[in-house]
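A.B. asks: I'd like to ask you about the structure that follows.
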Amino acid sequence: MPSRIAVPKTYKLYLGGEFGRSESGRSYPVTDPRGRFLANAAQASRKDARDAVVAARRAFGPWWGATAYNRGQVLLRVAEVMEGRREQFATELAAAEGWALRRAPAMVDAAIDRWVWYAGWTDKIATVFGAANPVAGPYFCLTIPEPTGVVAVLAPQTSSLLGLVSVLAPVIAAGNTAVVVASQNRPLPAVTLSEVLATSDVPSGVVNVLTGRTAELAPWLAAHDDVNALDLCGAPAAIRADLEATAAGTVKRVRSAPAAEPDWTRPPDTGRLRSFVEAKTVWHPVGT
Amino acid sequence: MSTQTPALPASLADATRDDASLRCFLRGLPGVDAVGLEATAATLATRSVKQESKRKAIDTAIRMVDLTTLEGADTPSRVRSLAAKARHPDPERPGVPAVAAVCVYPDMVAPAVAALSGSSIGVASVATAFPSGRSSRDVKLAEVALAVTAGASEVDMVIDRGAFLAGRYGEVYEEITLVKQACRGSHLKVILETGELAGYDDVRRASWLALLAGANFIKTSTGKLSPAATLPVTHVMLQVVRDWQQRTGVQCGVKPAGGIRTTKDAIRYLVAVHEVAGPEWLTPLRFRFGASGLLNDLLMQRRVQLEGHYSGADYVSQD
C-alpha cells in the first residue's frame, strides 16, 4: 500500500499572466500516443481566445518599448529556468510523445538552446534586417524593422516542446506578443512551459497559452480584428485555406503552414524572425 | 428652509420643515441589509443576456451614455471631437443611436453647445467646485450660473460631504435647493460621491436628501475617486427612486459613474435597473452611465454581434 497519495497537476490555461480554467468550464482528456490517459487539460473557448488577445494587446506596448537588450536577457532567463526543470520536462515530454525516457533529455536541451539562440538575436534584428539606404538626394533614408503586433501562433501538432519553442521564441524575440494554441493532442509540455514563462521575467500577457481544439479556436483568431499576424504552422490541413481567406479580411500577415512538419532539431535560421517584423522606412533631410 | 419643491405629499413636506425634522426623517429611514443587498446584486449580475436581447441592451446602453471628459487638459477642439462622436458614435454604421449627453467642465460648455446644436443630445456640466465641493457657497452658485448661462441643459453638482458626514443635513439640503434655483430649469443631477459616505445607510439618506431638495437625478460618484460606482450602491439608489415615485408620483433618475468600462458591466447595471426600479426606468430620461471608455467597448461588442467576429481598439475612434 502506498504511503501517500500522489498529487496530480491541474493543467490550466495561461492568460495575461494567470493560470485559470477555461471560461466555459470545459476540459478534455489527454492521452499518450498509445491511448493511455495522462491528464485532463482545459478546453479553451472562443471567449478565452478573445481574453488572450486582449491580454496580448495590453502587453504589446511595454514589451516592444523594452530595449532589445532587455528582451534578450528575459529570453535567456527563460532558458535558465527551463534548465532547472530539465527532468520534469524530460518526463513529461517522454510521456506526451510516447518516447523512451532516455531520448527526451536531448530534446529538452535542444529546446533550451533554442531560447538561447533567439535571445542572442533580439538586439541584432535591427542591424541585420534594417538598412541605411543609399538615395539620390540629400536625405538619410533608414529602414527599421518593427514588430507586427499581436501574433496568433498555432503550435506544431507533433513536436510539443521543441516545435513550440521554435515557433514561439522568434515571435517574442522580435518584440511581438503571442497567443499560442498548443498542440491539440499533446498540450501538457506547453502548460509546463507557461509555468516557466510565468516565473522568468516574461511580463504577463506577452505569451498566452491556450489548450483545446485547434480547429475550434483558429477561425476566431483568424477573424479577430485585433490580431495582426497568424502563424499557421499547426493548423489542420482541412481548414488552412479557409483560415488564410479569413485572415485576409483584416490584412493579417500570415505565415503559411509547411506541407509536413519540419525537423525541428535542425539548426534554425532567421526566417521566422523575419516573418513577424514590418519594415518602416524614414527619410530625414541631411544637415538639419 | 423657505424654498420648497411644490406638491410634496404632507408627510414628506413635513420632513423638510426644519433641520431637526429633516434629521429625524433621514435617521428614521429603514437600515439597509448589507449582506442581503450584496447577495442580490451578485445574483442578478450572473444573469445571462445573449443574442437579440444583448443587441438591444447594447443599443439601450449607448443611448444612456453621458460621454464624459473631465480633464485639466481639455480643449475646445477635444470637446468638439467628443461631440462629433456623441452624434455618430460609429460613423461607419449609421444604425448606431446617439448618446444621451456630453459631460464637461463649465468653461467647456460653450464649445459643446455649439458643436451639438440641432441635435437632441444634452450638454451636462459639472459645477459646485467639482470634484471635492470644497469652496464657498457663492463660488458654487456662481459656477452653476456660469454653466447654465453658457447653455448647459444639465448640471451635475457635488454635495458637501463634510457637512453631510457631520450630520448637518439642513446645510446640504439648503445648498441643493439653492443650486436647483440657480439651474433655472436645467436638469439637476446630484453627485453623492458614495465612496466617501459611510456605508449603504448613508447612501440611502443622501439619496433621499437630494430628492427632497429637488434633484432630478442622483449620481453615484465623480469618477475621480475609487471606489466609484458599484452595483450594490446603485441598487440602493434605484430603490430610493422607486420609493420616491410611489410616494410622490415623480420619476427621478439614477446615474452610476466611474469604473464602468465594459459592456458586461453595463448590462449588469441594466439588469439591476429592470429588476429593482422597473422596466419604465430603462430610458435615458431616468438612467444614465457616466463614462468615457465604456462607449468604445459597447461599439466593439455591437460589431461582434453584427459581424460575427471580434473587433479591436484600432477600429474605433480614440478620444
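The values are calculated or read from the model by the stated rules, or taken from the named source; none is laboratory data. Predicted, not measured: the structure shown is a model, and the values here were computed from it. As a convention, Cβ positions derive from the backbone with ideal geometry for all residues, glycine included, and neighbour counts pool all protein chains shown. Areas reflect the complete protein model, heavy atoms only, side chains present, ligands, DNA and RNA absent. Shrake-Rupley method; radii C 1.70, N 1.55, O 1.52, S 1.80 Å.
A.B. asks: Label 7 Å along Cα→Cβ of A:Ala131; segment A:250-288 residues with amide nitrogen under 20 Å?
C.D. replies: It comes to A:270-286, nothing else.
A.B. asks: Given R₀ = 25 Å, FRET efficiency for B:Asp74-B:Asp33 by Cβ-Cβ distance, to 0.05?
C.D. replies: With a Förster radius of 25 Å, E is 0.05.
A.B. asks: Turning to a different aspect of this structure: Would you mind getting the Kirkwood hydrodynamic radius of segment B:176-259 from its Cα pairs, rounded to one decimal in Å?
C.D. replies: 12.7 Å is the Kirkwood radius here.
A.B. asks: Any chance you could give the angle, 0 to 90 degrees and rounded to 10, that helix B:34-45 forms with the longest Cα principal axis of chain B?
C.D. replies: Result, in degrees: 20.
A.B. asks: Also, I was wondering about something else. Sorted from largest down, give the three principal axis spans of the alpha carbons of the protein assembly as shown, whole angstrom values.
C.D. replies: In descending order, the Cα extents are 91, 84, 41 Å.
A.B. asks: Rg and Dmax of segment B:38-89 over Cα atoms: what are they, in angstrom?
C.D. replies: 16.4, 45
A.B. asks: In addition: Please compute the length gained on full extension between A:Val7 and A:Trp283, using 0.36 nm multiplied by the number of residues separating them and subtracting their Cα-Cα distance.
C.D. replies: Fully extending the segment from A:Val7 to A:Trp283 adds 93.3 nm.
A.B. asks: Could you please state how large a percent of the accessible area of chain B is carbon and sulfur, counting protein chains only and using a 1.4 Å probe?
C.D. replies: Roughly 53 percent of what the probe reaches on chain B is carbon or sulfur.
A.B. asks: Right, here's the next one. So how tilted is helix A:214-223 from the main axis of chain A? Cα-based, degrees 0 to 90, rounded to 10.
C.D. replies: 20 degrees
A.B. asks: Between exposed GluC sites (Glu not before Pro) in chain B, where DSSP calls loop and at most 14 other Cβ atoms lie within 10 Å, what's the longest gap?
C.D. replies: Longest stretch, sites excluded: B:93-319.
A.B. asks: Checking the table B:Lys85/B:Lys255; B:Lys50/B:Lys224; B:Lys180/B:Lys224 against a 28 Å threshold on Cα-Cα, which pairs fail?
C.D. replies: Among B:Lys85/B:Lys255; B:Lys50/B:Lys224; B:Lys180/B:Lys224, the Cα-Cα distance tops 28 Å for B:Lys50/B:Lys224.
A.B. asks: For the pairing of chain A with chain B, what total accessible surface becomes buried, with a 1.4 angstrom probe, in square angstrom to the nearest 100?
C.D. replies: 1000 Å²
A.B. asks: Additional query: R0 = 45 Å: FRET efficiency of B:Glu280 with A:Arg26, Cβ-based, nearest 0.05?
C.D. replies: FRET efficiency, B:Glu280 to A:Arg26: 0.65.
A.B. asks: Per residue, how much accessible area does the protein assembly as shown have with a 1.4 Å probe, in Å²?
C.D. replies: Per-residue accessible area for the protein assembly as shown comes out at 42 Å².
A.B. asks: How much net charge surrounds A:Val254 when only other residues with a Cβ under 11 Å from its Cβ are counted (Lys, Arg +1; Asp, Glu -1)?
C.D. replies: +2
A.B. asks: Mean projection of the alpha-carbon convex hull of chain A over all orientations, in nm²?
C.D. replies: One quarter of the hull surface, i.e. the mean projection, equals 17.3 nm².
A.B. asks: What are the semi-axes of the equivalent ellipsoid for segment B:71-168, taken as the square roots of 5 times the Cα gyration tensor eigenvalues, largest first, in whole Å?
C.D. replies: They are 30, 14, 11 Å, listed from largest to smallest.
A.B. asks: What FRET efficiency comes out for A:Asn185 versus A:Ala106 if R0 is 25 angstrom and r is the Cβ-Cβ distance? Round to the nearest 0.05.
C.D. replies: FRET efficiency, A:Asn185 to A:Ala106: 0.65.
A.B. asks: How much length is gained if the chain between B:Arg137 and B:Thr43 is pulled fully straight, taking 0.36 nm per residue apart and subtracting their Cα-Cα distance, in nm to one decimal?
C.D. replies: Roughly 29.6 nm would be gained on extension.
A.B. asks: Remind me, relative contact order of segment B:31-311 in percent, using alpha carbon pairs under 8 angstrom and six or more residues apart?
C.D. replies: RCO, segment B:31-311: 19 percent.
A.B. asks: Near B:Gln301, within a Cβ-to-Cβ distance under 9 Å, what is the net charge of the other residues, with Lys and Arg +1 and Asp and Glu -1?
C.D. replies: Result for the local shell: +3.
A.B. asks: Loop-only trypsin sites (Lys or Arg not before Pro) in segment A:193-288, please: DSSP not H, G, I, E or B, and at most 16 other Cβ atoms within 10 Å.
C.D. replies: Of the trypsin sites (Lys or Arg not before Pro), the ones in loops of segment A:193-288 whose Cβ has at most 16 other Cβ atoms within 10 Å are A:Arg213.
A.B. asks: I'd like the orientation of helix B:169-182 relative to chain B: the angle between its Cα long axis and the longest Cα principal axis, in ° from 0 to 90, rounded to 10.
C.D. replies: Result, in degrees: 60.
A.B. asks: Longer than 24 Å from Cα to Cα, which of A:Lys252/B:Lys264; A:Lys47/A:Lys280; A:Lys47/B:Lys56 are they? Say none if no pair is.
C.D. replies: A:Lys252/B:Lys264; A:Lys47/A:Lys280
A.B. asks: Stretch A:Arg86-A:Val251 to full length: gain in nm at 0.36 nm per residue minus the Cα-Cα span?
C.D. replies: 55.4 nm
A.B. asks: If you build the Cα gyration tensor of chain B and take the root of 5 times each eigenvalue, what three semi-axes come out, in whole angstrom, biggest first?
C.D. replies: After diagonalising the Cα gyration tensor, the semi-axes are 32, 24, 16 Å.
A.B. asks: If you don't mind, there's one more thing I want to ask. Between B:Ala166 and A:Val116, what is the label-to-label distance in nm when each label sits 7 Å out along the Cα-to-Cβ direction?
C.D. replies: So the two model labels end up 7.1 nm from each other.
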